[in-house]
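The values are calculated or read from the model by the stated rules, or taken from the named source; none is laboratory data. Predicted model, so just to flag it, every value in this text is computed and none were measured. Glycine also receives a Cβ, built like all others from the backbone with ideal geometry; neighbour counts cover every protein chain displayed.
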Amino acid sequence: MTDQATSTSKPAPKAAPKWESDARERIRAGIRTISKPLAGLIERDANEGDTRHLVTDFLCDILGYDKYEDLTTEYQVKGEFADYGVRIDKQLSAFIEVKRVTTKLGPKHLRQVEVYAINEGVEWGILTNGNDWQVYHLAPSAQRIPGVPSTGPLVDIDLTLDVSLLGPEPPTQKVSKLFYMSREAMKRHQMDELWKARRATSPKSLASILVSDPVLEAMRKEVRRRSGHAATSREIADALKSSVIRPDVG
């Protein structure tokens, strides 16, 4: 007869595959190793060239990329040059733009990597100053503004991952984020899955669901059940847009 404690115990959590465990351990150790030289670069306000040396070491020694097979420096895109083109199994997968270690990353830097990615049909753009790493999903937008001439492709941009190597986050959180940038995870499209999950539950996506016809109809019935007021779906939608959903989201 099966012991009761055994029969009611929860199944053990599924262990991560070896490739994932190995990648996470390499990243965990690598963060500790690179922190001191990174802090030194920041202290002396190192130039962009020195920052690139550290970024190359980080990509290869910590994230697992092969310097010769996976990375192309000064990747040419229509007369301009991206700092790195990243190939996974010979397929161009991402562009990386590197800025001086003390530079605060901003929209103008994103614009550079955005142009590279869209021109080459690549979905991923990465900005870094060696310490801060930002990963963006980039895709041409189908939206066009009526009556306004288009000067180039409109782009849907989603910040998918943001991590600072010397930031206050616990090491386990840094490892979890950086894992998605590793060669092993990129090869298996783990970053795509992360983006899909975050996009599905983003404020914009949830706001769109709130004002969809099925949800408004369900809310209309619930409002009437609770209050006796026969509100229309239009009234509810207007109320949501004016006082529930933030203007920059809806």
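What to note about this one:
- Close pairs (8 angstrom Cβ cut-off, 6 or more residues apart or separate chains): assigned by TED's automatic domain parsing to the domain that holds ILE62 in the range 185-200, assigned to a helix (DSSP H, G or I) and of a type in the set (D, E, K, R) anywhere: ALA185/GLU20
- In the set ALA82, ALA139, ALA117, ALA94, only one residue is touching a residue at least 12 places away in the same chain (Cβ under 8 Å), in a helix (DSSP H, G or I) and either in contact with a Pro (Cβ under 7 Å, 6 or more places away or on another chain) or in the same structural domain as GLU43 (by TED's automatic domain parsing) (or both); that residue is ALA117.
- Taking the range 172-186 as the range and being in a helix (DSSP H, G or I) and either surrounded by fewer than 20 Cβ atoms within 10 Å (Cβ to Cβ) or of a type outside the set (Gly, Ala, Ser) (or both) as the test, the residues that pass are THR172, GLN173, LYS174, VAL175, SER176, LYS177, LEU178, PHE179, ARG183, GLU184, MET186.
- Answer from ASP57, ASP132, ASP50 - the residue that is under 23 Å from TRP19 (Cα atoms) and not hydrophobic (A, V, I, L, M, F, W, C): ASP57
- Test: residue in the range 31-42 that is in contact with a helix residue (DSSP H, G or I) (Cβ under 7 Å, 6 or more places away or on another chain), crowded, with 19+ Cβ neighbours inside 10 Å, within 23 Å of HIS189 (Cβ to Cβ) and modelled with pLDDT of 95 or more: no
- Residues of the range 170-216 satisfying the condition of being closer than 23 Å to PRO247 by Cα and of a type in the set (D, E, K, R): ARG198, ARG199, LYS204, ASP213
- When restricted to residues that are acidic (Asp, Glu) and under 16 Å from ILE126 (Cβ atoms), the range 151-206 contains 3.
- Selection of the range 68-79 for residues being within 21 Å of the chain's Cα centre (by Cα) and either without any contact (Cβ under 8 Å) to a residue 60 or more places away in the chain or surrounded by fewer than 17 Cβ atoms within 10 Å (Cβ to Cβ) (or both) yields only LEU71.
- Subset of the range 124-133 [over 11 Å from the mean Cα position of the chain (by Cα) and under 13 Å from VAL86 (Cβ atoms)]: THR128
- Condition check for GLU169: modelled with pLDDT of 95 or more and under 22 Å from ALA117 (Cα atoms): no
- Selection within the range 212-250: residues that are out of contact with any Leu (no Cβ under 6 Å at 6 or more places or on another chain), among the β-branched types (Val, Ile, Thr) and within 22 Å of SER202 (Cα to Cα). The member of this set that is modelled with the highest pLDDT is VAL215.
- Residue check, TYR65 in contact with a Lys or Arg (Cβ under 7 Å, 6 or more places away or on another chain) and either over 25 Å from GLU25 (Cα atoms) or touching a residue at least 24 places away in the same chain (Cβ under 8 Å) (or both): yes
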